Amino acid sequence: MSKFDLYDINLENVSSKQPYFEFEYILDEDFFKLFKDIDIKKGLINVNLKIKKEGVLFHFVFSLKGHVEVICDRCLEPMQQLIEYNDTLKVKFGEKYNDQEEIIIVAQSNPKFNISWFLYEYITLNIPITHAHEETECKNDIINKLNNYIIGNEKENNKKTNIDPRWEKLKEIII
């Protein structure tokens, strides 16, 4: 048994006689450990999956809602990033597995379709590149230290370090 088996959908069990098949998943710390991601430490995301078969196509409708914990780029403390995302996949049977096209092909000889990687991608692609708390939520001691090194505070930084007056004269010439 693989650690990803929980996310297998046996497409042979999905028929067009029912309006749709519904699956519920709760993605928690155990799910994120499967992927060994360094950005996502933990989280809690509810997934609702509805599968409808129309002819030879299976329509997977995903709805994700919850949060993940990432590290704030500003204060380096954990923060919650909200995730709310909806997407659809089209899947059909074929000779061999192929996920490079708009319609994913699952081999008829192995009718199980694992959705774990798709769930992981939906989550990671919906996390902003910059992870930052609201400024009021960051720890003040860290922010104060950062402010000492911001280029905009150049005059204050210069006061703290003794600059040779000859270099100051050169600045006047250049400017």
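The values are calculated or read from the model by the stated rules, or taken from the named source; none is laboratory data. Since this is a predicted model, take the numbers as computed values, not measurements. In this analysis, Cβ positions are derived from the backbone assuming ideal geometry, glycine residues included, and neighbour counts consider all displayed protein chains.
Take GLU121 and decide whether it is free of Cβ contacts under 8 Å to residues at least 24 places away in the same chain and closer than 21 Å to LEU44 by Cα.
Values: free of Cβ contacts under 8 Å to residues at least 24 places away in the same chain: yes; closer than 21 Å to LEU44 by Cα: yes.
Here the answer is yes, as GLU121 does meet what is asked.
Take the residues in the stretch 1-60 that are within 21 Å of GLU121 (Cβ to Cβ) and of a type in the set (Gly, Ala, Ser), then tell me which one is modelled with the highest pLDDT.
Of everything passing the filter in the stretch 1-60, GLY43 is modelled with the highest pLDDT.
Could you look through the stretch 61-84, keep only residues that are modelled with pLDDT of 90 or more and charged (D, E, K, R), and pick out the one that is surrounded by the most Cβ atoms within 10 Å (Cβ to Cβ)?
Ranking the qualifying residues of the stretch 61-84, first place goes to GLU69.
Kindly list, by first and then second residue, each pair from a residue in the stretch 77-98 that is farther than 30 Å from ASN140 by Cα to a residue that is surrounded by fewer than 16 Cβ atoms within 10 Å (Cβ to Cβ) and among the small types (Gly, Ala, Ser), limited to pairs with Cβ atoms under 7 Å and residues at least 6 apart or on different chains.
ASN86/SER63; GLY94/ALA107; GLU95/ALA107; LYS96/ALA107; TYR97/ALA107
Which condition number does ASP39 fail, the rest of (1) surrounded by fewer than 13 Cβ atoms within 10 Å (Cβ to Cβ); (2) in contact (Cβ under 8 Å) with a residue 60 or more places away in the chain; (3) of a type in the set (Asp, Glu) being met?
Of the numbered conditions (1) surrounded by fewer than 13 Cβ atoms within 10 Å (Cβ to Cβ); (2) in contact (Cβ under 8 Å) with a residue 60 or more places away in the chain; (3) of a type in the set (Asp, Glu), the odd one out for ASP39 is (1).
Could you run through the stretch 61-105 and say how many residues are in a strand (DSSP E or B) and more than 15 Å from TYR122 (Cβ to Cβ)?
To start, the set of residues in the stretch 61-105 that are in a strand (DSSP E or B) comprises 61-71, 78-94, 98, 103-105.
Now restrict to residues that are more than 15 Å from TYR122 (Cβ to Cβ): 69-71, 78-80, 90-94, 98, 103, 105.
The qualifying residues number 14.
Of the conditions (1) under 24 Å from TYR20 (Cα atoms); (2) in contact (Cβ under 8 Å) with a residue 24 or more places away in the chain; (3) surrounded by fewer than 13 Cβ atoms within 10 Å (Cβ to Cβ), THR130 fails just one. Which one is it?
Among (1) under 24 Å from TYR20 (Cα atoms); (2) in contact (Cβ under 8 Å) with a residue 24 or more places away in the chain; (3) surrounded by fewer than 13 Cβ atoms within 10 Å (Cβ to Cβ), THR130 violates only (1).
Given the condition in a helix (DSSP H, G or I), exposed (fewer than 14 other Cβ atoms within 10 Å of the Cβ) and in the same structural domain as LEU27 (by TED's automatic domain parsing), answer yes or no: does some residue in the stretch 113-123 qualify?
So far as the stretch 113-123 goes, yes, one or more of its residues are in a helix (DSSP H, G or I), exposed (fewer than 14 other Cβ atoms within 10 Å of the Cβ) and in the same structural domain as LEU27 (by TED's automatic domain parsing).
Look through GLU102, GLU77, GLU95 and report the one residue that is charged (D, E, K, R) and within 24 Å of ILE40 (Cβ to Cβ).
GLU77
When you go through ASN98, ASN86 one by one, which is the residue that is within 14 Å of the chain's Cα centre (by Cα) and polar (S, T, N, Q)?
So the residue among ASN98, ASN86 that is within 14 Å of the chain's Cα centre (by Cα) and polar (S, T, N, Q) is ASN86.
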